[in-house]
Amino acid sequence: MSVQVTRRAAPADDEVFGKAYDSRIVARTWEYVRPFRLHMGWAIALMVTIACANLAGPFLIKLAIDEAIASGNVGLLTLTALGYVLSALIVWLGTFGQSYIMSWVGQSALFNMRRQLFTHLQRLSFNYYDNMETGRIISRMTGDVNALNEFLTSGVVAIASDFFVLIGIVVLILAINWRLGLLTLSVVPVIAVATHIYRSRSRQLYRDVRTQNAIVTGHLAENISGVRVVQAFAREDVNLQNFDKVNRANLQTLLKASAFSSAFNPITVLISTLATVLIIWYGGQKVLQGVLTVGELYAFLAYVGRFFEPINDLSSKYNSMQAAMAGGERVFELLDTPPAVQNKPSAYELPPIRGHVVFEDVIFEYVPGRPVLRGISLAAKPGEVVALVGHTGAGKSSIISILLRFYDTKGGSITIDGHDIRDVTTDSLRRQVGLVLQEPFLFSGNIRDNILYGKLDASEEEVIAAAKAVNLHDFIESLPFGYDTEVNERGTTLSQGQRQLLSFARALIADPRILILDEATSSVDTTTEKLIQKALETLMRGRTSFVIAHRLSTIKAADQILVLSQGEIIERGTHTELLGQEGYYYNLYSMQFRYQELGLAHNVFGGDEDGAPPASLPTAPAAPATPTPAPAQ
Ligand SMILES: Nc1ncnc2c1ncn2[C@@H]1O[C@H](COP(=O)(O)OP(=O)(O)OP(=O)(O)O)[C@@H](O)[C@H]1O
Ligand SMILES: [Mg+2]
């Protein structure tokens with residue numbers, strides 16, 4: 001278990017350093033905001049009011065100094081003081097109203113976006129999930145949508161307000177004294193250039209920090225989840241050394257980043273001090289010459305003091321805009337991904353079926369050019385049990401995936417009672433086909449909910465009947481909370497065998513005409529095994545069943561066994577017939593059956609997990625007398 005420290009760089013997908021403005025994405029986002037445009041209008045009106053009230057402050061003080069104090073007008077002085085209080089009140093109330101409205105708008109818009117994403121994710125076909133890690137999908141639902149949210153709630157209006165304030169200040173200082181105004185504005189390019197340099201350099205540094213963080217976290221996660229192996233192999237010291245390396249690299253990057261920002265902050269202070277000095281030096285002379293009043297000089301200083309705030313704010317908003325654009329791009333890309341499997345415009349509801357399934361020369365590939373099923377033909381009459389056997393990777397699971405139309409095939413046809421599955425709606429098809437997976441997935445909720453998953457409107461009697469039919473009722477009753485016992489995704493409260501029985505009950509209650517079952521390979525004790533066998537018989541009775549079989553008992557009971565190898569059916573028949581042929585199946589059987597009959601292993605075919613003899617199944621048909629052993633893939 002060697003631990004590589006370099007491989008876990010943050011995926012390129014997570015990078016947020018792209019365009020800060022993308023009209024396409026803004027237009028798409030606007031569609032979500034449009035329903036709330038009236039609110040948005042209010043927020044903008046408030047923003048303008050706040051900015052005006054803000055800008056009025058220094059002007060009022062100038063009035064107080066130049067008019068009221070100079071002429072000893074106490075009434076005017078009181079009035080300006082009251083005006084100042086009023087402007088502060090307006091700023092306070094306005095800010096409250098504006099930020100509340102904007103977060104309301106942002107959250108409501110993104111509530112709808114999340115809902116749309118969720119709906120879309122449920123519709124996307126399996127091929128999307130085959131190629132996408134869960135973590136990335138979740139980060140789109142959360143991180144990317146949040147980036148957009150932040151931009152909408154605190155970004156849009158703040159940016160508009162910053163611009164508004166900047167323009168207001170420029171106009172005001174030029175109006176007070178245009179010469180002094182121009183002189184002051186001469187530092188703006190310096191500030192703009194410095195800020196730009198700082199931003200681009202720090203962006204790079206913080207990207208490194210994030211990458212390093214991801215490496216440290218990944219390292220930590222691996223060591224925590226693999227702690228048993230770490231201890232079993234006494235790898236603690238080596239792993240600590242490896243961890244030290246990544247941890248130190250992380251430290252160095254962080255120090256570099258903080259040294260940089262520590263160096264930059266004093267520079268902005270320096271520049272704004274320079275502007276102040278210029279104003280006092282030049283403006284002071286103008287006051288002495290009588291061209292400028294003291295009040296005007298004060299107002300100048302106050303306005304220039306407020307000038308740097310929006311500039312700083314704008315440059316920090318730049319990053320959040322980049323994040324929002326990148327987030328939006330990924331969200332919309334996901335929303336624009338069409339499901340690979342779609343209903344035809346002319347698709348009709350599959351009428352209630354009897355369960356006559358026919359595959360005709362079906363060709364299927366996950367990756368273009370690499371067929372995994374090559375010309376599969378089969379026919380299952382209503383009520384028949386078809387067992388699929390074959391080496392791991394032979395294509396068994398693929399057959400059931402295309403029967404449920406999780407993927408579309410490349411050639412041939414699949415019909416149910418004569419209806420081509422591509423002509424009917426996927427919903428009506430899947431509703432009539434029950435699927436029991438190898439690893440039953442339990443949803444968080446109680447046992448009853450998990451059985452009801454198969455038929456939401458089932459009555460309590462039906463739930464109990466289903467549980468009884470699979471011999472799970474007595475066990476459930478023995479639990480302190482009975483059917484109300486909470487289970488979770490991993491089904492920790494239930495044993496593996498019990499989870500299987502539960503998934504049988506779920507399938508049974510749905511009462512599908514066609515049943516698809518991927519038999520679990522894991523070993524359970526003999527009593528549970530018997531229970532499961534009986535439950536299986538109940539489950540399959542009267543339904544056309546496709547079983548990826550690992551149990552000898554299931555295989556023996558099947559009406560037809562299809563032996564798959566490398567995407568082709570190489571033998572077919574009943575257990576007795578196939579044994580008589582003394583071919584591939586005969587080999588599999590004679591090599592493995594005695595272990596099962598001795599009760600040593602439950603999975604005859606395919607991979608084994610629990611101490612059964614190593615699978616030495618031929619990958620291609622072999623002559624009965626000279627089986628060619630091949631390692632399990
Ligand atoms: N989602 C996928 N994308 C690409 N290739 C896949 C995918 N799923 C399966 N395959 C490939 O298709 C082939 C058949 O796989 P399939 O899952 O049908 O085998 P299987 O017979 O069910 O094996 P097992 O007994 O191990 O479950 C394999 O070679 C596998 O690598
Ligand atoms: Mg499989």
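The values are calculated or read from the model by the stated rules, or taken from the named source; none is laboratory data. Note that the structure is predicted; figures quoted are calculated from it, not measured. Here Cβ is always computed from backbone atoms with ideal geometry, including for glycine, and neighbour counts include all displayed protein chains.
When you look at residue 560, is it surrounded by fewer than 20 Cβ atoms within 10 Å (Cβ to Cβ), polar (S, T, N, Q) and more than 16 Å from ligand 1 (Cβ to nearest atom), yes or no? Break it down stepwise before answering.
Working: surrounded by fewer than 20 Cβ atoms within 10 Å (Cβ to Cβ): yes; polar (S, T, N, Q): yes; more than 16 Å from ligand 1 (Cβ to nearest atom): yes.
Here the answer is yes, as residue 560 does meet what is asked.
Have a look at 130, 144 and point out the one that is surrounded by fewer than 17 Cβ atoms within 10 Å (Cβ to Cβ) and charged (D, E, K, R). Give the steps one after another, and end with the answer.
On the way: 144 fails: surrounded by fewer than 17 Cβ atoms within 10 Å (Cβ to Cβ).
Every option except 130 fails the conditions.
Return yes or no: is residue 100 out of contact with any Ser or Thr (no Cβ under 6 Å at 6 or more places or on another chain) and more than 30 Å from residue 342 (Cβ to Cβ)? Give the steps one after another, and end with the answer.
Values: out of contact with any Ser or Thr (no Cβ under 6 Å at 6 or more places or on another chain): yes; more than 30 Å from residue 342 (Cβ to Cβ): yes.
Answer is yes for this residue.
What residue, of 366, 318, 407, is assigned by TED's automatic domain parsing to the domain that holds residue 272 and not β-branched (Val, Ile, Thr)? Lay out the reasoning, then the answer.
Numbers: 366 fails: assigned by TED's automatic domain parsing to the domain that holds residue 272; 407 fails: assigned by TED's automatic domain parsing to the domain that holds residue 272.
None of the others qualify; the one that does is 318.
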### Task
Considering only segment 353-397, state which residues are away from ligand 2 (no atom under 15 Å from the Cβ), within 34 Å of the chain's Cα centre (by Cα) and in contact (Cβ under 8 Å) with a residue 12 or more places away in the chain.
362, 363, 365, 371
### Task
Pairs only if they're at least six apart or on different chains, beta carbon under 9 angstrom, first in segment 193-209 and in the same structural domain as residue 257 (by TED's automatic domain parsing) and crowded, with 16+ Cβ neighbours inside 10 Å, second at pLDDT below 75 and of a type in the set (Gly, Ala, Ser); list them, first residue then second.
195/315; 198/315; 207/10
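Please determine whether any residue of segment 477-493 is closer than 24 Å to residue 352 by Cα and under 35 Å from the mean Cα position of the chain (by Cα). Break it down into steps so the answer makes sense when it comes.
In the first step, residues of segment 477-493 are kept if they are closer than 24 Å to residue 352 by Cα; the result is none.
No; the residues of segment 477-493 include none that is closer than 24 Å to residue 352 by Cα and under 35 Å from the mean Cα position of the chain (by Cα).
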### Qualifying positions in segment 119-144 - part of a helix (DSSP H, G or I) and more than 10 Å from the chain's Cα centre (by Cα)
119, 120, 122, 123, 126, 127, 128, 129, 130
### Query
Among 527, 544, which is polar (S, T, N, Q), surrounded by fewer than 20 Cβ atoms within 10 Å (Cβ to Cβ) and at negative phi?
527
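Can you pull out the helices (runs of 4 or more DSSP H) entirely within segment 338-456 that have at least 2 residues that are of a type outside the set (A, V, I, L, M) and closer than 27 Å to residue 587 by Cβ? Lay out the reasoning, then the answer.
Numbers: elements: 396-403, 426-431, 447-452.
Answer list for segment 338-456: 396-403.
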